[in-house]
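Student: Structure incoming, see below.
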Amino acid sequence: MSNASLSYKEQLFCNAYAINGGNGTKAVISAGYSENGASVQSTRMLGKTKILREIERQQKFQTQKLSLTKEKIINEQLELYKLARANEEYKTASTILDSLSKMLGYTQTQPTTKQINHNIKFERLLNELPAISNTYEAKVIN
């Protein structure tokens, strides 16, 4: 995307400057300006606000493009899951799938186990369940 307020050569300069890592002299030459006095021309170009804004815009775009996003992480995890499945590494695939599920919010992140405290005595259970206690027959070993 080009900036309409820049001339064609100015836009080429900005593009070259962003691509070559900030070498103004090389950017001026790449944009089609004369090699004689390229460093002076570079200083002039970098003194213009509209050029600095365009270079900043391009650098910001490059940073965003290269940055690691949640979407990229999920896509990479999905590819690893598919690879693990294809290689029949089911334990690895399961671990990756669990991780993906958590990232996407499909699983609970809190522990699902609950502790239940029982406060009932065994004798009380036997008294409340007469059918069980009456059918019990003691076996005697001779």
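Student: If you rank Val40, Val28 by fewest surrounding Cβ atoms within 10 Å, what's the result?
Tutor: Details: Val40 11, Val28 27.
Ordered from fewest to most neighbouring Cβ atoms within 10 Å, Val40, Val28 come out as Val40, Val28.
Student: Once you've got the Cα coordinates, tell me which of Lys26/Lys65; Lys65/Lys102; Lys48/Lys70; Lys26/Lys60; Lys26/Lys48; Lys9/Lys60 are over 28 Å apart.
Tutor: Working: Lys26/Lys65 24 Å; Lys65/Lys102 25 Å; Lys48/Lys70 37 Å; Lys26/Lys60 21 Å; Lys26/Lys48 18 Å; Lys9/Lys60 21 Å.
Distance filter (> 28 Å) returns Lys48/Lys70.
Student: For the pair Gln62 and Arg85, what calculated FRET efficiency results from E = 1/(1 + (r/R0)^6), where r is the Cβ-Cβ distance and R0 = 35 Å, to the nearest 0.05?
Tutor: On the way: r = 35 Å, r/R0 = 0.99.
The computed FRET efficiency comes out at 0.50.
Student: Expected output is a single nm value to one decimal: the length gained when fully extending between Ser7 and Ile19, i.e. 0.36 nm times separation in residues minus the C-alpha distance. What is it? Walk me through the numbers on the way to the answer.
Tutor: Details: separation 12, 0.36 × 12 = 4.32 nm, distance 1.84 nm.
My answer for the length gained is 2.5 nm.
Bear in mind these aren't lab numbers, they're just calculated from the coordinates by the rules spelled out. Just so you know, these numbers come straight off a predicted model, no measurement behind them. Quick reminder, even Gly has a Cβ in these numbers, built from the backbone with ideal geometry, and neighbours come from all protein chains shown.
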